[in-house]
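Coordinate-derived values only; no laboratory data. Keep in mind it's a predicted model, so treat the numbers as computed, not measured. Backbone-built Cβ (ideal geometry, glycine too); neighbour counts: all protein chains shown.
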């Protein structure tokens with residue numbers, strides 16, 4: 001018996017292929033620019049101990065071996081061959097919203113897809129954690145194009161059970177599965193209700209303690225500027241609260257823009273406070289160039 005094709009799976013696979021094809025140029029650009037070198041160095045793995053020689057960094061002294069031997073010994077490390085990247089992708093209720101024909105979740109899949117395919121092209125490993133107010137799905141880091149396709153398919157195929165956002169849950173899980181130093185890219189709209197930006201900063205700082213962390217914030221145009229369309233009903237996708245706004249009133253639109261700017265600034269401050277690089281991408285707008293330029297700028301900011 002020939003199995004009946006699953007229309008939903010076929011549609012998802014078509015989206016995966018479209019993302020791979022449409023972002024191939026950016027993937028090539030990131031690979032040509034050695035995207036992995038834009039991070040704060042590859043992880044260093046312990047190799048052996050050797051006797052201390054003048055000029056060695058005293059922070060590398062192995063005090064246990066030194067005590068046993070009676071003479072200073074230092075730990076020697078070697079550069080790990082593969083960079084390990086973990087994508088933390090927010091799939092909470094608010095990411096399903098889109099006012100310009102593209103939801104933030106769809107944009108997240110494209111951004112994550114670029115990074116996954118770039119990792120595969122660079123012979124690095126990439127994994128993904130999908131989170132809301134819980135961990136929704138996890139694909140461990142792996143290499144190769146087939147694995148990158150699996151990462152993108154998981155983002156598109158997962159139906160979240162939660163609607164809220166909990167960065168602490170995501171950070172804790174990421175810390176548990178990423179035992180060695182790597183890169184963590186958080187892709188989110190950062191619209192968490194519970195805990196606010198203080199908990200966001202704490203979660204990012206915890207990850208930054210071991211890993212190089214990048215925050216990619218996805219914004220919908222309607223969240224920045226309220227269109228002049230009379231009365232509008234606004235519903236909180238995560239909390240369910242409903243508010244009626246008089247969008248025809250210039251004072252209301254001005255106040256809306258002020259609050260939106262304050263929220264963007266608060267997220268940026270939280271990232272800055274945690275020592276995390278931050279990039280904002282707007283749904284419906286060209287994002288490929290800003291993403292490529294972001295990685296090109298990182299070495300100069302880090303030097």
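In nm, what is the difference between 0.36 nm times the number of residues separating residue 123 and residue 225 and their Cα-Cα distance?
Details: separation 102, 0.36 × 102 = 36.72 nm, distance 4.15 nm.
Extra length from residue 123 to residue 225 when fully extended: 32.6 nm.
If r is the Cβ-Cβ distance from residue 58 to residue 285 and R0 is 41 Å, what FRET efficiency results, to the nearest 0.05? Don't skip to the answer; put the middle values down first.
Details: r = 50 Å, r/R0 = 1.22.
Computed FRET efficiency for residue 58 and residue 285 comes out at 0.25.
List 181, 145 from most exposed to least, where exposure is judged by having the fewest other Cβ atoms within 10 Å.
145, 181
Could you tell me the largest-minus-smallest coordinate of the C-alpha atoms of the range 123-214 on each of the three principal axes, in descending order and whole angstroms?
Computed over the range 123-214, the largest-to-smallest principal extents equal 38, 31, 19 Å.
Calculate, in whole percent, how much of the Cα-Cα pair population of the range 137-277 lies beyond 27 Å.
Here the tail beyond 27 Å accounts for 34 percent of pairs.
Please work out the FRET efficiency for the pair residue 100 and residue 296, using the Cβ-Cβ distance as r and a Förster radius of 30 Å; give the result to the nearest 0.05. Intermediate results must be reported in sequence, preceding the final value.
Values: r = 27 Å, r/R0 = 0.89.
E(calc), rounded to 0.05, equals 0.65.
Fewest first, what order do 272, 287, 63 take by the number of other Cβ atoms within 10 Å?
Values: 272 13, 287 20, 63 9.
Lowest count first: 63, 272, 287.
Could you compute the FRET efficiency for residue 244 and residue 145, with r as their C-beta to C-beta distance and R0 at 35 Å, rounded to 0.05?
Numbers: r = 49 Å, r/R0 = 1.40.
It comes to 0.10.
Would you mind ranking 189, 249 by Cβ crowding within 10 Å, fewest neighbours first? If you can, show how the numbers build up before the last one.
On the way: 189 23, 249 15.
Arranged by neighbour count, lowest to highest, 189, 249 become 249, 189.
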